[in-house]
Amino acid sequence: MRGLLIAGGVLVGLWLLAAVLLLVIGRRTTARELVTFLPNLIRLFRGLLGDERVPRSSKALLLLGAFWLASPIDLIPEFLPGVGALDDAVVAGLVLRHVVKRAGPDVVRDHWRGDPKTIGLMLRAARVS
């Protein structure tokens with residue numbers, strides 16, 4: 001348990017360091033998006049779960065994806081710099097791809113609270129935009 005807490009602390013430290021470095025080099029918007037990405041993703045999933053335009057099967061997948069993101073158990077340990085969050089990113093991307101195919105990109109955009117460029121990049125990465 002202690003190792004998990006240390007790894008989590010290191011991960012948070014690296015995340016904050018990346019945000020500070022982005023601020024120092026003048027990339028304020030990118031730094032803000034980095035800091036708010038996970039909360040925005042959680043709000044997106046929550047909003048999609050409550051939207052009647054999203055089919056039930058997609059909502060079930062959203063719940064599964066939310067549990068995956070919240071779970072401390074990962075295929076790739078979070079404490080590995082640069083790749084630790086890769087499995088979470090892949091799961092979130094696959095869930096979003098499914099939801100966009102079923103409900104449409106406009107539904108996803110309606111619930112995104114971050115920079116519109118970020119959701120645009122995510123939708124392009126999922127090859128659905």
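The values are calculated or read from the model by the stated rules, or taken from the named source; none is laboratory data. Here the structure is a predicted model, which means the values were calculated and not measured. Ideal geometry is used to build each Cβ from the backbone, glycine not excepted, and the neighbour counts take in all protein chains shown.
Figures for the structure shown
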{"read-out": "Neighbours by Cβ (under 9 Å, 6+ apart or cross-chain): first from segment 107-129, at pLDDT 85 or above; second among the hydrophobic types (A, V, I, L, M, F, W, C) and assigned to a loop (DSSP other than H, G, I, E, B)", "value": "Val107/Val54; Val108/Val128; Ile119/Trp112"}
{"read-out": "Evaluation of His98 against (1) over 17 Å from Pro116 (Cα atoms); (2) modelled with pLDDT under 90; (3) touching a helix residue (DSSP H, G or I) at 6+ places or on another chain (Cβ under 6 Å) (one fails), failing number", "value": "(2)"}
{"read-out": "Set Leu16, Leu11: member being assigned to a helix (DSSP H, G or I), touching a Gly at 6+ places or on another chain (Cβ under 7 Å) and at pLDDT below 75", "value": "Leu11"}
{"read-out": "Subset tally (residues that are of a type in the set (A, V, I, L, M), part of a helix (DSSP H, G or I) and loosely packed, with under 14 Cβ neighbours inside 10 Å) for segment 24-41", "value": "1"}
{"read-out": "Members of segment 53-81 found to be over 25 Å from Asp106 (Cα atoms), in a helix (DSSP H, G or I) and either touching a helix residue (DSSP H, G or I) at 6+ places or on another chain (Cβ under 8 Å) or at pLDDT 90 or above (or both), listed by number", "value": "none"}
{"read-out": "Hits in segment 42-52 (condition: assigned to a helix (DSSP H, G or I) and surrounded by fewer than 15 Cβ atoms within 10 Å (Cβ to Cβ))", "value": "Ile42, Arg46"}
